[in-house]
1. Taking amide H positions as placed 1.01 Å from N in the peptide plane, with prolines and chain starts having none, which residues 5 or more places from Val43, or on another chain, fall under 5 Å of its amide H?
2. Let me check I've understood the local charge: for Asp41, count other residues with C-beta under 13 angstrom from its C-beta, Lys and Arg +1, Asp and Glu -1. What total comes out?
3. Under the Karplus relation 6.51 cos²θ - 1.76 cosθ + 1.60, θ = phi - 60°, what is the ordered set of whole-Hz ³J(HN,Hα) values for the range 42-54, x standing for Gly and Pro?
4. Across the range 58-69, in residue order, what do the Karplus-derived ³J(HN,Hα) couplings come to in whole Hz, using 6.51 cos²θ - 1.76 cosθ + 1.60 with θ = phi - 60° and x for Gly and Pro?
5. What ³J(HN,Hα) values, in whole Hz, does the Karplus curve 6.51 cos²θ - 1.76 cosθ + 1.60 give for the range 94-100 when θ = phi - 60°, with x put for Gly and Pro?
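Please treat every number below as a calculation from the coordinates, not as lab data. Bear in mind the structure is a predicted one, so any value in this text is a computation, not a measurement. Here the Cβ positions follow ideal geometry from the backbone for every residue, glycine too, while neighbour counts run over all protein chains shown.
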Amino acid sequence: MTQPAFDPFALPNDDHRRALRKSVKMRAHLRDRGQTRFEIDVVDLSMSGFRAETSFTLWPGTVVWLTLPGLAPLEAVVAWRDKFKYGCAFGKPLHPAVFDHIVALSQR
């Protein structure tokens, strides 16, 4: 059976995901073009993207940079928004070792 194509703009409850998603809980920073960075809570992560919560307003299609502790900023695009929850797709998927490192950091 063939797996459905990944749609980065799918709604948050869509079960057609391309990559394993891990529940995490960590503070991070996000910024978009021309704005100062602000804090977000990353609540889940996959090699292809992340879900976050913040009181700041972002719009689908916005390019952002996620900064996690000890890592260089990661480029992503806001795929969907539901009030204060956001789903973002990385510009380039995370390397499996980087993904594992971030998940391990979130469990400290």
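1. Arg51, Ala52, Glu53
2. Every neighbour counted, the sum reads +1.
3. 7, 10, 7, 8, 9, 5, 9, x, 8, 10, 9, 10, 7
4. Values, residue by residue: 10, 10, x, x, 6, 7, 9, 10, 9, 10, 9, x Hz.
5. In residue order, the calculated couplings are 5, 5, x, 5, 5, 4, 4 Hz.
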